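J.: One structure follows; several queries about it will come next.
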Amino acid sequence: MRKELRVRAVTYGAFLVACAVLVWPPYERDGQPGRIKLGLDLRGGIHLVLQVVVEDALNATVDDAVNTARDQASRKGIQFGSAQRTSPTSFGVEGVEPARVKDMRDLLRDFFRPSWEVREAGEAGFSVQMTELYQRQVKEQTVREAIRTLERRVNQLGVAEPVIAAHGNRGDQILVQLPGVTDVDQAKRIIKTTAQLSLKLVEDSGPSSEALLQSLGGKAPDHMEVVSGPGTTPGEPVYYLLRREALITGRDLKSARVGVDENNRPQINFTLNATATDKFSRETGRNINRQLAIVLDGTVYSAPVIQSRLGAENRITGRFTTQEADELAKILRAGALPATLRYLQELTVGASLGRDSIRDGVRASIAGMAFIGVFMLVYYRLSGLNAVVALAANLLILLAAMAYSGATLTLPGIAGIILTVGVGVDTNVLVFERIREELRNGKTVRSAVQNGFDRVWITILDTHATALIAAAFLFQFGTGPIKGFAVTLVIGLVANVFASYFVSKFLFEWILGRRHVESLSI
């Protein structure tokens with residue numbers, strides 16, 4: 001018996017020491033990060049709920065399909081009047097030469113089915129519509145790409161342990177939590193900027209879009225577009241007639257960094273990947289002495305003249321401040337967002353408020369523990385000390401489990417810890433009252449302790465299982481703070497079964513096994 005108790009003492013002791021090592025230091029100390037990961041409400045930072053405007057991605061997908069249809073028809077020598085987007089999920093082809101209608105129908109079906117439905121529209125036209133399945137796939141892929149891009153951008157900010165994940169049931173929302181961020185405006189700019197970069201050939205430029213389109217009958221051809229940019233005089237923009245098809249896009253970048261021009265003004269230097277370099281060199285060689293517009297998020301930043309064949313190293317100039325150039329370089333390195341983001345919810349928690357929350361939460365926990373400890377000692381006398389030790393072990397195991405698993409401690413999580421303490425006390429009360437009853441029935445101390453623990457075991461399991469089921473539902477269907485409460489409650493309940501039953505029972509058995517005890521202070 002004593003050998004078994006020694007083995008259990010060593011086992012339990014080693015386990016609790018390991019828990020203490022896992023937890024220490026629990027919070028940041030002397031420059032060392034704390035082992036307990038604090039949530040936004042305790043650490044301070046930004047909480048954002050963003051909506052991905054998936055219509056942007058659908059429009060871009062349709063535009064790519066239109067360009068593909070134009071290119072393939074041109075290669076096969078099929079003449080037609082126009083091909084353009086008619087909705088976020090469809091495009092139309094009109095004016096196909098009568099002799100080639102069948103060829104155009106076959107071309108569209110070969111290239112776009114099964115993701116698109118091809119229907120005839122009139123005698124010489126076609127309507128091409130995305131299938132419902134393909135629309136859903138595009139939307140899901142857009143949200144996944146947006147999450148990956150945001151992760152890369154947030155990494156540029158150097159934020160430790162950010163949370164970036166899909167949010168809600170709609171499928172188009174993203175949760176972003178950035179603990180410890182102090183420059184809120186910079187973080188929001190870097191997160192929300194779309195950063196769609198493209199380099200396009202300039203057909204013409206002028207002081208207004210009307211002047212540009214006058215010679216074209218008031219409307220740009222399908223393969224061209226009008227984009228504005230800042231002029232040499234502030235407040236007077238310049239309008240450019242550009243080819244829609246870009247020579248280079250942001251996806252072709254290998255790197256981007258801040259530099260300075262010959263006048264010591266900030267600029268962005270960027271390097272193209274090998275495949276894009278070959279294409280860019282070939283196309284710029286064919287278009288020497290023509291302007292090349294550098295377009296970022298629908299604005300022409302500059303339109304230099306191509307003076308020679310260009311290679312991998314290039315630059316973007318404009319009226320940048322050093323901070324703007326640095327932010328833009330970070331965004332370009334992280335990649336463009338596949339669609340625009342909208343802010344649905346924004347919450348900023350100051351670091352001082354987080355510290356106040358920690359202080360108040362710790363004070364409440366200590367006060368609650370102290371009151372419970374005093375009550376147990378007064379009401380159950382020396383046996384109450386057993387309960388206090390079990391509660392301390394419960395808290396140590398709970399914090400160690402959170403540190404090991406990387407679970408985040410939030411302000412509602414502290415409430416979950418306090419509730420766990422209450423459940424632990426309830427377990428001890430069940431056991432101690434049963435022991436008292438056994439003693440009143442004339443049982444020996446050893447028998448009363450054994451029966452007290454054995455006969456409440458099923459009750460303890462039932463109560464904890466019920467609470468675990470409720471906590472599991474809170475975690476599954478709750479959001480944010482509710483999940484933080486559920487996490488600590490689940491871990492605390494499991495830890496409580498071990499501490500309040502096995503550790504407490506062991507302490508009684510250790511005392512009773514070392515000497516003959518006639519009475520029990522309970």
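J.: Restricting attention to the alpha-carbon atoms of the chain, what are Rg (one decimal) and Dmax (integer), both in Å?
T.: Reported Rg and Dmax, both Å: 34.2, 110.
J.: Please find the FRET efficiency linking residue 210 to residue 79, where r is the Cβ-Cβ separation and R0 is fixed at 45 Å, and quote it to the nearest 0.05.
T.: 0.90
J.: Roughly how many nanometres apart are two label points built 7 Å out from the Cα toward the Cβ at residue 99 and residue 131?
T.: 3.5
J.: Label the stretch 76-226 by shape, choosing from rounded, prolate and oblate, from the square roots a ≥ b ≥ c of the eigenvalues of the Cα gyration tensor; if a/c is under 1.5 it is rounded, and otherwise prolate applies when a/b is larger than b/c, oblate when it is not.
T.: oblate
J.: If you take the Cα Rg of the stretch 193-345 and divide it by 2.2 N^0.38 Å, with N the number of residues, what do you get?
T.: 1.06
J.: A further question follows. Hey, can you rank 65-75, 45-55, 186-196 by average C-beta count inside 10 Å, highest first?
T.: 45-55, 186-196, 65-75
J.: Neighbour counts of other C-beta atoms within 10 Å: give me 369, 104 arranged from fewest to most.
T.: Ascending number of Cβ neighbours within 10 Å: 369, 104.
J.: Still on this structure: For the stretch 331-455, I need the span (max minus min coordinate) of the C-alpha atoms along each principal axis, in Å, sorted largest to smallest.
T.: 79, 28, 23
J.: If you take the beta carbon distance between residue 117 and residue 165 as r and set R0 to 51 Å, what does 1/(1 + (r/R0)^6) give as a FRET efficiency, to the nearest 0.05?
T.: The pair residue 117/residue 165 has a calculated efficiency of 0.90.
J.: Hey, what's the per residue convex hull volume over the C-alpha atoms of the stretch 132-180, in cubic angstrom?
T.: Per-residue hull volume (Cα only) is 57 Å³.
J.: Simple spin-label model, 7 Å along Cα-to-Cβ: residue 382 to residue 151 in nm?
T.: Reported label-point gap for residue 382 and residue 151 is 5.8 nm.
J.: Next question, about the same structure. If each Cα of the stretch 380-429 is one equal point scatterer, what is log10 of I(q)/I(0) from the Debye formula at q = 0.16, 0.20, 0.29 Å⁻¹?
T.: At q = 0.16, 0.20, 0.29 Å⁻¹ the computed log10 ratios are -0.50, -0.71, -1.10.
J.: Sorted from fewest to most neighbouring beta carbons within 10 Å, what does the list 76, 37, 3 look like?
T.: The most exposed by this proxy come first: 3, 76, 37.
J.: Sequence neighbours fewer than 8 away in the same chain don't count; with that in mind, list the lysines whose C-alpha is under 28 Å from residue 443.
T.: 3, 505
J.: Stretched out fully, how many nm does the piece from residue 232 to residue 470 gain, at 0.36 nm a residue minus the Cα gap?
T.: Extra length available between residue 232 and residue 470 comes to 79.1 nm.
J.: Let me ask you something else. Please compare each pair in 37/139; 76/102; 188/330; 76/200; 37/483; 192/330 to a cut-off of 21 Å on the Cα-Cα distance and tell me which ones are over it.
T.: 37/139; 76/200
J.: Follow-up question, since we're still on this one. Return the aspartates and glutamates within reach of residue 254: Cα separation strictly under 14 angstrom, same-chain partners fewer than 8 residues apart disregarded; answer none if there are no such residues.
T.: 278, 313
J.: I need the peptides 492-503, 428-439, 140-151, 375-386 ranked by packing, meaning the mean over residues of other C-beta atoms within 10 angstrom, with the highest value on top.
T.: The peptides rank, most packed first, as 492-503, 428-439, 140-151, 375-386.
J.: Also: Efficiency by 1/(1 + (r/R0)^6): what FRET value for residue 446 and residue 140, r their Cβ-Cβ distance, R0 = 56 Å, to the nearest 0.05?
T.: With a Förster radius of 56 Å, E is 0.30.
J.: Can you list the DSSP H helices in the chain whose Cα atoms extend at least 24 Å along the helix axis and whose mean Kyte-Doolittle hydropathy is 0.0 or higher?
T.: 2-23, 351-380, 382-405, 411-440, 445-477
J.: Let me ask something else about it. For q values of 0.11, 0.16, 0.18, 0.23 Å⁻¹, compute log₁₀ I(q)/I(0) with the Debye formula on a Cα-only model of the stretch 55-135, without solvent.
T.: Log10 I(q)/I(0), no solvent term: -0.24, -0.51, -0.65, -1.06.
J.: Which trypsin sites (Lys or Arg not before Pro) from the stretch 217-316 combine a DSSP loop assignment with at most 14 other Cβ atoms within 10 Å?
T.: Taking the stretch 217-316 and a limit of 14 other Cβ atoms within 10 Å, the loop trypsin sites (Lys or Arg not before Pro) found are 219, 290, 309.
J.: Right, another one. Applying a 10 Å radius around every beta-carbon, put 225-238, 89-102 in order of their mean neighbour count, most first.
T.: 89-102, 225-238
All of the numbers you see were taken from the coordinates with simple rules; none came from a lab. Because the structure is predicted, anything quoted here is derived from the model rather than measured. In this analysis, Cβ positions are derived from the backbone assuming ideal geometry, glycine residues included, and neighbour counts consider all displayed protein chains.
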